[in-house]
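**Q** Below you will find the structure I want to go over with you.
The values are calculated or read from the model by the stated rules, or taken from the named source; none is laboratory data. Predicted model, so just to flag it, every value in this text is computed and none were measured. Note that we place each Cβ from the backbone using ideal geometry, even for glycine, and neighbour counts take in every protein chain shown. We work out accessible area using only protein heavy atoms, side chains counted, and drop any ligands, DNA or RNA first. Shrake-Rupley method; radii C 1.70, N 1.55, O 1.52, S 1.80 Å.
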Amino acid sequence: MRIKIIRHTFQMLALLTCLGMTSASAQNFGGLLKGIIQAKTGLQAQSGDLLDVIKSVSDVSFGQIVGGAQAPQDAADKVILYRTSWCGYCKRAAAYMQQKNIPFVERDIETNSAYKAEYRLLGGTGPVPFMVFGRKTMLGFAPEAVDQNYAEFQRTQAAANSPSVNPPVTPNQTVHAGVGLQAGDALIGKIPGVQVYVRASKTSPRLLALGKGEEVIYMGEEREGFFRVTSPQGEGWIDKLLAKKP
């Protein structure tokens, strides 16, 4: 019965195309298909059906990771491809990156709830493929867009890893951005109980309070007067005026 409904649905779409629907956008086409399927079956479209495939590949668009969200540490220096098993354009993106020797990791957002939450946190809103190049994101797939974003990603990495020419910071000196501090340096609080926050704001939830001599690692980023750091409890932000090298 379901096969007959689907066959009839596509017969109707073919007829509508002949009547002048060829100029409709992918999104409008998806809306039309959704309406026909729901009219025939009384069912809501699910995340893995044809509607999402059409929507996901209609256009390539770019974005940025905003707020305090961070790309996962286990994917450092790699492109992240958020995908589903049914997405043909996801497979094409993976095959293209393999062909170009671009290091990447794949995350299926339908089979792993943690990956889905990660995808939402980084700006994913539903469609796939969704790719992350450092702090830049891309929805959809086009070879030239992958090349452009990966080249920019490599330049950003090279700049971040270049040696600092600033003079070193002496012990117990307050750390300021651009004064000898490099990603990977250890930091401690200048006073006991310095707070590490989840986001770069004193109003955000607290991740931990540093004990005497307890170290965190500077991650190479400053925002709103805070340094991004990592600890055994996870990543967070520390007031730079209260931080120093041990």
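**Q** What is the dipole size for the range 107-147, taken about its Cα centre, with +1 at each Lys and Arg Cβ and -1 at each Asp and Glu Cβ, in debye to the nearest 20?
**A** Dipole magnitude for the range 107-147 comes out near 220 debye.
**Q** How far, in nm, would the chain grow between ARG135 and GLU224 when pulled straight, counting 0.36 nm per residue and subtracting the alpha carbon separation?
**A** On the way: separation 89, 0.36 × 89 = 32.04 nm, distance 1.74 nm.
30.3 nm is the gain from fully extending ARG135 to GLU224.
**Q** With a Förster radius of 22 Å, plug the Cβ-Cβ distance of VAL198 and SER113 into 1/(1 + (r/R0)^6) and report the FRET value to the nearest 0.05.
**A** Details: r = 20 Å, r/R0 = 0.93.
In this case the efficiency is close to 0.60.
**Q** Taking the simple approach of a point 7 Å from Cα along Cα-to-Cβ for both ASP77 and ARG155, what is their distance in nm?
**A** Those two pseudo-labels are separated by 2.1 nm.
**Q** Highest mean first, how do 77-85, 98-106, 227-235 rank when packing is the count of other Cβ atoms within 10 Å averaged over residues?
**A** 77-85, 227-235, 98-106
**Q** State whether the range 63-112 is rounded, prolate or oblate according to the following rule on the C-alpha gyration tensor (a ≥ b ≥ c being the square roots of its eigenvalues): a/c under 1.5 gives rounded; otherwise a/b larger than b/c gives prolate, and the remaining case gives oblate. Could the numbers behind the result be given before it?
**A** Details: a/c = 1.98, a/b = 1.32, b/c = 1.49.
Since a/c reaches 1.5 but b/c is at least a/b, the shape of the range 63-112 is classed as oblate.
**Q** Test of understanding: extend the Cα→C-beta vector of GLN98 to 7 Å, then name every residue of the range 123-146 with backbone N under 12 Å from that spot.
**A** Zone members listed by number: none at all.
**Q** Using the Karplus curve 6.51 cos²θ - 1.76 cosθ + 1.60 with θ = phi - 60°, what ³J(HN,Hα) values do you get for each residue of the range 192-208, in whole Hz, with x for Gly and Pro?
**A** x, x, 4, 7, 10, 9, 5, 10, 6, 7, 6, 8, 7, x, 8, 7, 6
**Q** Solvent-accessible area of THR156, probe 1.4 Å, all protein chains present, reported in Å² to the nearest ten, please.
**A** Rounded to the nearest 10, that gives 90 Å².
**Q** May I ask you to derive the FRET efficiency for ALA186 and TRP86 from their Cβ-Cβ distance with R0 = 41 Å, giving the value to the nearest 0.05?
**A** The calculated FRET efficiency here is 0.35.
**Q** For the range 98-150, rounded, prolate or oblate, judged on the Cα gyration tensor with a ≥ b ≥ c (square roots of eigenvalues), a/c < 1.5 rounded, else prolate if a/b > b/c?
**A** Judged from the Cα gyration tensor, the range 98-150 comes out prolate (a/c at least 1.5, a/b above b/c).
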